[in-house]
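The values are calculated or read from the model by the stated rules, or taken from the named source; none is laboratory data. Computed from a predicted model, the values in this text were never measured in an experiment. Cβ coordinates were reconstructed from backbone atoms using ideal geometry, including for glycine residues, and neighbour counts include every protein chain displayed. Just the protein is used for accessible areas: all its heavy atoms, side chains included, with ligands, DNA and RNA removed. Shrake-Rupley method; radii C 1.70, N 1.55, O 1.52, S 1.80 Å.
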Amino acid sequence: MPVIAVANPKGGVGKSTLATNVAGWLARQGHAVMLGDLDRQHSARGWLSLRPAALPPIRGWEVIDGGDTVRLPKGTTHAVIDTPAGLHGKRLDAVMKLADKLLIPLQPSPFDMAATQAFLHTLGEHKRSARLAIGLVAMRAKDHTHATEHLHEWLDALGRPPLAQLRDTQNYVHLAARGLTLWDVAPGRVERDLAQWQPLLDWLAA
């Protein structure tokens, strides 16, 4: 079963936005999707509670043993895991053990870049790093700005060009407030955003 984790130890980089939309895309393909929420803020869990029942279903963890244990719902074919800020130690080990692909969102800021570089170093030293496909996604990026250009130069120097660059738009905010994703509304409303996602979707589908 494919497991896609979304991780960056820094908070506020767009992990939940990325995770919910990946889950929405998978659900729209007809997969039985589980969106697991490891974040203390439970953003993804709250988003699931808003999702209209008429849309392709996305389920959360099944909580058992009085809340101490979680498991995949029966019949799950694809899993997306939204991880917390400060991911390290045993929690990072658990994510590395489960995940086939790891998406790392970051914004064009020196703080995000420093945190991401340290995280990539940690991942590279992990014993399971060789079996994990890692992709970076530039979030809330504005075209033709010094910050975004500097981000791309920095990623190129690392040898890790981003899979996709997602623009800074209120579309994600408005959709999240209703439990929706880009794939739950008329394509014409979010045409530019869908085009930006295509390279990322190609990578996920490979």
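Got a number for carbon plus sulfur as a percent of the chain's accessible area, 1.4 Å probe?
Numbers: 5530 of 10210 Å².
C and S fraction of accessible area: 54 percent.
As an exercise, use a Förster radius of 35 Å and the Cβ-Cβ distance of Gln170 and Arg71 to find the FRET efficiency, rounded to the nearest 0.05. Display every interim value, and only then the final one.
Working: r = 36 Å, r/R0 = 1.03.
About 0.45, to the nearest 0.05.
On a full-extension model of 0.36 nm per residue, what is the gain between His146 and Glu62, subtracting their alpha-carbon distance, rounded to one decimal in nm? Provide the component values of the computation, followed by the final result.
On the way: separation 84, 0.36 × 84 = 30.24 nm, distance 4.48 nm.
Residue separation times 0.36 nm, minus the Cα-Cα distance, leaves 25.8 nm.
Starting from segment 101-184, pick out the GluC sites (Glu not before Pro) whose DSSP state is loop and whose Cβ has at most 10 other Cβ atoms within 10 Å.
Within segment 101-184, no GluC sites (Glu not before Pro) qualify (loop, at most 10 other Cβ atoms within 10 Å).
Which pairs in the list Lys15/Lys127; Lys10/Lys101; Lys101/Lys142; Lys10/Lys74 are over 22 Å apart, alpha-carbon to alpha-carbon?
Details: Lys15/Lys127 24 Å; Lys10/Lys101 19 Å; Lys101/Lys142 26 Å; Lys10/Lys74 32 Å.
Lys15/Lys127; Lys101/Lys142; Lys10/Lys74, as the Cα separations exceed 22 Å there.
Using the basic label-point model (7 angstrom from Cα toward the beta carbon), what is the Trp154 to Arg178 distance in nanometres?
3.5
May I ask for the distance between the Cα centers of segment 174-203 and segment 84-109, given as a whole number of Å?
Here the two parts' Cα centres lie 23 Å apart.
Using the beta-carbon distance between Arg189 and Phe111 and R0 = 41 Å, what value does 1/(1 + (r/R0)^6) give for FRET efficiency, to the nearest 0.05? Spell out each step's value before the answer.
Details: r = 32 Å, r/R0 = 0.79.
With R0 = 41 Å, the Cβ-Cβ based efficiency is 0.80.
Answer with a single label: of (1) 19.1, 56; (2) 16.4, 52; (3) 17.3, 52, which was calculated as Rg and Dmax of the Cα atoms in Å from the structure in view?
(2)
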